[in-house]
Ligand code: MBD
Ligand code: FE
């Protein structure tokens, strides 16, 4: 018997895990997309592709390279990764541009709902010898009218100090660096975790192959993923970033916004860093 470690992480493994997760997520229904929208959207997409072929005089070699690559995206299970890296940021922009509260960002392929819940203050589930810089992440959840949102729910998930996500890279305990936290009666939360590392898109799969073939880089800046919610308020999906990361200005997923940059300070406890960040949620429009 062999014990899998994160060193065995491959695109095929995290890609197929992301594909399986999407299938199980309940988001797969096409029932709500009308025939008119499908015809218009698919028609525009096909027309845009034809325009590129004619404008750029695409050759049969290039056409066949595209076919082979599209087949490989599916084989590697990387459709969730591809769409979340290169398209979700625009969908997120459309979905949230009416909001007055917090800016959000994309969910990405590695969210898992229903992580074990704890009341704040709390420590996220992690290994006894979890590597990295301890991070105390704290703040308050409020409404756009300024009132505190008691017992708001803060879901947090992020990569470890080597850039791996539990449940997607092998060898990590289930729910490692994932958790649901319930804020106190004043909407305040305090979560102890470990600072994540920058994340590199798997280089051995179809998305990595495209990145290499185009001479791009595969990096996302280090980030915390969050979902913040309270009854009667719009769910906020966000990511938060660390100052000075070399990829804050050229995130492969185009998901960094200036409002999402943290300002960490040395922790009062003497170990690691702490950072305050408040979330402002929009009431659901009736
Ligand atoms: C990630 O960790 C991520 O957040 C996104 C958006 C895409 C790939 C990996
Ligand atoms: Fe991520």
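Close Cβ contacts (under 7 Å, 6 or more residues apart or on different chains) running from residues in segment 105-123 that are more than 17 Å from residue 23 (Cβ to Cβ) and at pLDDT 95 or above to residues that are assigned to a loop (DSSP other than H, G, I, E, B) and within 12 Å of ligand 2 (Cβ to nearest atom) comprise 105/255; 106/253; 106/255. Restricting 247, 225 to those that are more than 23 Å from residue 112 (Cα to Cα), within 14 Å of ligand 2 (Cβ to nearest atom) and in contact (Cβ under 8 Å) with a residue 24 or more places away in the chain reduces the list to 247.
Within segment 83-101, none of the residues are in a loop (DSSP other than H, G, I, E, B) and at positive phi.
Among the residues that make up segment 125-142, is at least one of them under 27 Å from residue 24 (Cβ atoms), within 16 Å of ligand 2 (Cβ to nearest atom), modelled with pLDDT of 95 or more and in contact with a strand residue (DSSP E or B) (Cβ under 7 Å, 6 or more places away or on another chain)? Before the answer, list the steps.
Initially, segment 125-142 is screened for residues under 27 Å from residue 24 (Cβ atoms), giving 125-127.
Next, from what is left, pick out any that are within 16 Å of ligand 2 (Cβ to nearest atom): none.
Within segment 125-142, none of the residues are under 27 Å from residue 24 (Cβ atoms), within 16 Å of ligand 2 (Cβ to nearest atom), modelled with pLDDT of 95 or more and in contact with a strand residue (DSSP E or B) (Cβ under 7 Å, 6 or more places away or on another chain).
Table: residues versus (1) surrounded by fewer than 19 Cβ atoms within 10 Å (Cβ to Cβ); (2) modelled with pLDDT under 95; (3) under 20 Å from the mean Cα position of the chain (by Cα); (4) more than 16 Å from ligand 1 (Cβ to nearest atom).
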residue: 181; (1), (2), (3), (4): no, no, yes, yes
residue: 191; (1), (2), (3), (4): no, no, yes, yes
residue: 199; (1), (2), (3), (4): no, yes, yes, no
residue: 217; (1), (2), (3), (4): yes, no, yes, no
residue: 240; (1), (2), (3), (4): no, no, yes, no
residue: 251; (1), (2), (3), (4): no, no, yes, no
residue: 256; (1), (2), (3), (4): no, no, yes, no
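Annotation: of all residues in segment 148-165 being in a loop (DSSP other than H, G, I, E, B) and away from ligand 2 (no atom under 12 Å from the Cβ), the one that is surrounded by the most Cβ atoms within 10 Å (Cβ to Cβ) is 152.
The values are calculated or read from the model by the stated rules, or taken from the named source; none is laboratory data. Being a predicted model, the structure only gives us computed values, none of them experimental. Cβ sites come from the backbone with ideal geometry, for glycine too, and all protein chains shown count toward neighbours.
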